[in-house]
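**Q** Structure provided below as structure tokens; questions to follow.
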Amino acid sequence: MAQKYIRVGRLGATYGVKGWQKVQSFTDDPTAIFEYSPWSIGPSASQVKPCKSFEWRRHSNSYIVKFADIDQREMAQQITGQFIWIERTNLPTPENGEHYWQDLIGCQVVTTDGVSLGKVTSLMETGSNDVLVVKASVGDDLTHKERLIPFVDEQFICQVCTTSKQITVNWDPAF
């Protein structure tokens with residue numbers, strides 16, 4: 001079952017004394033995060049609080065945001081490090097063959113020969129392609145406790161089924 005919220009960013013350090021803070025966007029286009037609304041803020045999808053309107057601007061090579069109900073540095077510091085969440089229904093449906101990272105986390109990864117490699121615990125962006133971080137589970141081949149598998153269709157990724165939470169990969173278990 002898909003989660004109600006998708007994590008789209010994180011609040012960073014405060015900037016100035018009037019409650020501005022840096023924003024780390026997890027969207028492909030970093031400014032797309034500001035097009036989604038309403039935002040909710042929290043450490044996890046089960047602990048979110050809706051936030052009031054905000055304004056944002058570019059600052060150096062990053063972005064800063066100021067919420068309507070936060071006007072002091074100390075107030076902003078209380079939510080520093082928390083994630084920015086958007087309700088899934090407010091986001092576009094991924095194109096065919098595209099997936100929200102959050103939907104891939106927790107998927108069981110198996111080879112085309114049926115060998116279980118573990119579960120996706122996170123993803124990394126490398127510039128050329130995303131990479132699945134797969135950690136072996138108890139009962140899996142624990143020779144490799146963690147594998148980094150490039151998320152490259154056809155070459156390594158054969159099938160992704162977020163409904164059954166399984167990803168089939170063309171990957172040598174010894175690697």
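Nothing in this text is a laboratory measurement; each read-out follows from the coordinates by a stated rule. These figures come from a predicted structure and were not determined experimentally. Note that each Cβ is placed from the backbone with ideal geometry, even for glycine, and that neighbours are counted across all protein chains shown.
**Q** Name the shape class, rounded, prolate or oblate, that the alpha-carbon gyration tensor gives for the stretch 17-78, where a ≥ b ≥ c are the square roots of its eigenvalues, rounded holds for a/c under 1.5, and otherwise prolate holds if a/b is larger than b/c and oblate otherwise.
**A** Taking the square roots of the gyration eigenvalues as a ≥ b ≥ c, the stretch 17-78 is oblate.
**Q** Here's a follow-up. Which percent, to the nearest 5, of DSSP beta bridges fully inside the chain are antiparallel?
**A** Looking only at bridges with both residues in the chain, the antiparallel portion is about 90 percent.
**Q** Stick to Cα atoms and the Kirkwood definition of Rh, then tell me Rg/Rh for the stretch 68-175.
**A** 1.11
**Q** How would VAL65, VAL17, VAL120 line up from fewest to most surrounding beta-carbon atoms within 10 angstrom?
**A** VAL17, VAL120, VAL65
**Q** A follow-up question, please. Grab the DSSP H runs of the chain that are 4 residues or longer, score each as -39,500 (n - 2.57), total them, divide by all residues and round the 222 nm result to the nearest 500 deg cm²/dmol.
**A** That calculation yields -1000 deg cm²/dmol at 222 nm.
**Q** Alpha carbon centre of the stretch 98-175 versus the stretch 10-58: separation in Å?
**A** That distance is 29 Å.
**Q** In addition: Each label point is 7 Å from the Cα along the Cα-to-Cβ direction; what then is the distance between the points at THR111 and ASN96, in nm?
**A** Each label point is offset 7 Å from its Cα along the Cβ direction, giving 3.1 nm.
**Q** Residues with amide H under 5 Å of TYR63's amide H, sequence separation 5 or more or different chain, H placed in the peptide plane at 1.01 Å from N; which?
**A** VAL23
**Q** Read phi for every residue in the stretch 37-54 and hand back ³J(HN,Hα) as whole Hz from Karplus 6.51 cos²θ - 1.76 cosθ + 1.60, θ = phi - 60°, with x for Gly and Pro.
**A** Taking θ as phi minus 60°, the curve returns 7, x, 7, 10, 10, x, x, 8, 5, 8, 10, 9, 10, x, 10, 6, 4, 9 Hz for the stretch 37-54.
**Q** Simple spin-label model, 7 Å along Cα-to-Cβ: SER164 to SER62 in nm?
**A** 4.3 nm
**Q** In the P(r) worked out for the stretch 39-110, what percent of Cα pairs fall beyond 22 Å?
**A** Counting every Cα pair in the stretch 39-110, those more than 22 Å apart make up 39 percent.
**Q** Within the chain, what is the longest stretch that has no GluC sites (Glu not before Pro) placed in a DSSP loop and near at most 16 other beta-carbon atoms within 10 Å?
**A** That would be 1-94.
**Q** Now a separate question. So, in nm, how far is label THR27 from label PHE54 when the simple model puts each one 7 Å beyond its Cα toward the Cβ?
**A** The two pseudo-label positions are separated by 1.1 nm.
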